[in-house]
Amino acid sequence: MDMKKQDAARKSALLDRWERRTQTPLLLLAIAFAVAYAVPIVRPDVDPTLHRLCWIAEWTVWGAFALDYGLRLYWTADRIAFVRGQPLALVAVVLPLVQPLRLLRLVATLLLAGQRARMAAQVRLTTYAVGAVLGLLTFGSLAVLEVERDSPDSNIHTLGDATWWAFTTMTTVGYGDHAPTTGLGRLLAVGLMLSGIALLGVVTANIAAWFIARFERDDAIERRQTAAIEALTAEVHALREELAELTAARTQAVAEPPVSSPRS
């Protein structure tokens, strides 16, 4: 039993040390992955050697994230709870292995990077919201450009067109000047619209929660100040009453003549 406890403590220490030391490197790898993913799409006429280097970089970075997930799964004490507690990380590890879902590699990598962030709750929520907006805009732009550029009926041919379309779609404005014509492009549009609505709800709820917490904190401070003022007022009244009693007793003592002792 002692050996099992020691082994669990050792693995827990290794897990904590690994997470602290690899958080920043994995974030940088996620950025490198996004660049390697974007270059062949933005520049389809890029040199084949650079194209292959980007492909190698994608899978190398992905291998690093998969290794990170595997090591954390091995070092955790309750593996079933670990898998259940981080379903997005498991989905992110599995998705890129399915070739038809290649477009989801960037989203999967961003999910893993988000799972590895160790921040305070409010900072994490804000970071997730900002990161999700930027990630979805980037992914939506690159993905729709990749699937729509060669379509004969499409009017999305440049990165600027794709970025504008992604922004208007994600905000559910939908001017209609740019729209996907392929089935996969329309599927991407549906996903981007739903994601935009969900993110808007998260941001709105976060702002409302911040205001409520601020008002509750202000109310608590006001209640404490009111209680302190009431206690101070009660103490002043008590001191006044005590002073009045002492003054009355002294006045009475001065007014009464001294009692003379009888002579024997």
Could you give me the residue pairs with C-beta distances under 6 Å whose first residue belongs to segment 11-23 and is over 11 Å from Trp75 (Cα atoms) and in contact (Cβ under 8 Å) with a residue 60 or more places away in the chain, whose second residue is surrounded by 14 or more Cβ atoms within 10 Å (Cβ to Cβ) and of a type outside the set (Asp, Glu) wherever it lies, and which are 6+ apart or on separate chains? Gln23/Arg116
Looking at segment 45-56, can you tell me whether even one residue there is of a type in the set (S, T, N, Q), farther than 22 Å from Leu145 by Cβ and in contact with a Phe, Trp or Tyr (Cβ under 8 Å, 6 or more places away or on another chain)? no
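Results for (1) at pLDDT below 85; (2) exposed (fewer than 15 other Cβ atoms within 10 Å of the Cβ), shown as yes or no for each residue.
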{"residue": "Thr109", "(1), (2)": "yes, no"}
{"residue": "Gln122", "(1), (2)": "yes, yes"}
{"residue": "Gly135", "(1), (2)": "yes, no"}
{"residue": "Met193", "(1), (2)": "no, no"}
{"residue": "Gly196", "(1), (2)": "yes, no"}
{"residue": "Leu199", "(1), (2)": "yes, no"}
{"residue": "Ala205", "(1), (2)": "yes, yes"}
{"residue": "Phe211", "(1), (2)": "yes, yes"}
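Conditions tested, residue by residue: (1) of a type outside the set (A, V, I, L, M, F, W, C); (2) modelled with pLDDT of 85 or more; (3) touching a Cys at 6+ places or on another chain (Cβ under 8 Å).
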| position | (1), (2), (3) |
| --- | --- |
| Pro25 | yes, no, no |
| Leu50 | no, yes, no |
| Ala77 | no, no, no |
| Leu88 | no, no, no |
| Val93 | no, no, no |
| Val98 | no, no, no |
Subset of segment 160-172 [at negative phi and under 25 Å from the mean Cα position of the chain (by Cα)]: Thr163, Ala166, Phe167, Thr168, Thr169, Met170, Thr171
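Can you pull out the residues in segment 136-156 that are of a type in the set (Asp, Glu) and either farther than 10 Å from Thr181 by Cα or in contact (Cβ under 8 Å) with a residue 40 or more places away in the chain (or both)?
Glu146, Asp150
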Counting only residues that are touching a residue at least 12 places away in the same chain (Cβ under 8 Å) and either closer than 18 Å to Tyr74 by Cβ or not in a helix (DSSP H, G or I) (or both), segment 24-52 contains a total of 2
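Give the residue that is surrounded by the fewest Cβ atoms within 10 Å (Cβ to Cβ), with candidates limited to residues of segment 137-148 that are hydrophobic (A, V, I, L, M, F, W, C) and either more than 25 Å from the chain's Cα centre (by Cα) or not in a helix (DSSP H, G or I) (or both). Even if it seems obvious, please write down each step before you answer.
Within segment 137-148, the subset hydrophobic (A, V, I, L, M, F, W, C) is 137, 139, 142-145, 147.
Then keep just the ones that are either more than 25 Å from the chain's Cα centre (by Cα) or not in a helix (DSSP H, G or I) (or both); that gives 144-145, 147.
Values: Val144: 29, Leu145: 25, Val147: 22.
Here the answer is Val147.
When segment 149-186 is examined, which residues are found to be in a loop (DSSP other than H, G, I, E, B) and of a type in the set (Ser, Thr, Tyr)? Steps first, answer last, please.
The initial filter retains those residues of segment 149-186 that are in a loop (DSSP other than H, G, I, E, B), namely 149-158, 171-182.
Once the filter is applied, which keeps residues that are in a loop (DSSP other than H, G, I, E, B) and of a type in the set (Ser, Thr, Tyr), segment 149-186 yields Ser151, Ser154, Thr158, Thr171, Thr172, Tyr175, Thr181, Thr182.
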Looking at segment 199-212, I want the residues that are more than 20 Å from Thr171 (Cβ to Cβ) and have a partner that is in a helix (DSSP H, G or I) and aromatic (Phe, Trp, Tyr) with Cβ atoms under 7 Å, at least 6 apart or on another chain. Which pairs are those? none
Checking Arg217 against (1) at pLDDT below 85; (2) under 25 Å from Val39 (Cα atoms); (3) part of a helix (DSSP H, G or I); (4) of a type in the set (D, E, K, R), which single condition isn't satisfied? (2)
Looking at (1) over 21 Å from Val35 (Cβ atoms); (2) at pLDDT 75 or above, which one does Arg118 not meet, given that it meets all the others? (2)
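The values are calculated or read from the model by the stated rules, or taken from the named source; none is laboratory data. Only a predicted model underlies this, so the values are computations on that prediction, with no experimental measurement involved. Every residue, glycine among them, receives a Cβ derived from its backbone with ideal geometry; neighbour counts consider all protein chains shown.
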